[in-house]
Amino acid sequence: MKNLFAKIAAAGLFMLAPVMAQAAEGYSTANVNMRAGPSTRYPAVAVIPAGSSVEIRGCLSDVNWCDVEFYGGRGWVSGQYVQALYQQRRIYVGPQYYRPLGIPVIRFSVDNYWDRYYRNRDFYRERDRWSRGPDDYYRDNRDRDIRDRDNRDRDRKWRDGDRNRDGDRDWRNRNGNQDGRDDNRRGDRRDGDRRPNGRDFDCRPGDPSCDQ
């Protein structure tokens with residue numbers, strides 16, 4: 001019976017050995033952002049202080065970014081800010097050291113990774129847009145900002161045009177009434193010139209006002 005338990009325990013350790021090897025201990029070399037993906041364009045989820053210990057869960061083969069665990073949180077850090085212990089010395093994590101350090105080469109998927117670790121984050125709501133890549137996400141934001149700015153400019157031009165038309169209409173109304181009043185006053189003056197002592201007054205013979 002004891003031999004049976006020993007064999008089961010040995011088998012369990014053997015099965016756990018690959019899992020235990022799927023991480024390497026590392027150290028941050030600076031105050032570095034841990035991000036939601038392998039790029040500085042992804043949202044930052046935490047700041048890892050310089051000299052802090054992290055668990056390296058895997059790295060990408062095409063770019064030097066690694067999936068790390070820090071105080072129970074998960075995120076991505078550039079390998080140029082992470083060192084690991086290799087042959088009694090600290091080295092920066094690079095593709096040539098993945099295998100000796102026991103670091104697996106992994107892939108990144110926004111859908112799977114964010115579903116697992118970031119469901120409670122605000123940026124998770126835009127997961128579908130981020131899944132196309134950070135460059136496409138920022139390009140969409142830039143195009144949307146340009147469209148919004150153009151719409152605001154167009155609306156402002158329309159409002160300015162409406163104000164100008166209203167101002168012209170008021171000006172015409174004011175000046176039109178003024179011109180009418182001026183014409184009336186001029187007519188009044190012309191009519192006033194026809195007083196008895198005016199030159200254009202037709203005198204009747206014997207009218208004493210003609211002599212004034």
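Summary table
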item: Region 26-45, residues that are under 22 Å from R129 (Cβ atoms) and either in a loop (DSSP other than H, G, I, E, B) or of a type outside the set (K, R) (or both); result: N33, M34, A36, G37, P38, S39, T40, R41, Y42, P43, A44, V45
item: Count of residues meeting criterion [open to solvent by 10 Å² or more (accessible area, probe 1.4 Å) and under 12 Å from V82 (Cα atoms)] in region 29-43; result: 5
item: Subset of region 77-93 (residues that are within 16 Å of V47 (Cα to Cα) and either outside any strand (DSSP E or B) or without any contact (Cβ under 8 Å) to a residue 24 or more places away in the chain (or both)); result: G79, Q80, Y81
item: Count - residues of region 46-61 that are under 18 Å from Y113 (Cα atoms) and not in a strand (DSSP E or B); result: 2
item: Scope region 98-125; condition touching a Ser or Thr at 6+ places or on another chain (Cβ under 9 Å), part of a loop (DSSP other than H, G, I, E, B) and open to solvent by less than 40 Å² (accessible area, probe 1.4 Å); matching residues; result: none
item: Residues within region 126-135 that are in contact (Cβ under 8 Å) with a residue 24 or more places away in the chain and surrounded by 15 or more Cβ atoms within 10 Å (Cβ to Cβ), tallied; result: 2
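The values are calculated or read from the model by the stated rules, or taken from the named source; none is laboratory data. All figures in this text were calculated on a predicted structure; none of them were measured in a lab. Cβ sites come from the backbone with ideal geometry, for glycine too, and all protein chains shown count toward neighbours. Protein only, heavy atoms only, side chains kept; ligands, DNA and RNA dropped before computing areas. Shrake-Rupley method; radii C 1.70, N 1.55, O 1.52, S 1.80 Å.
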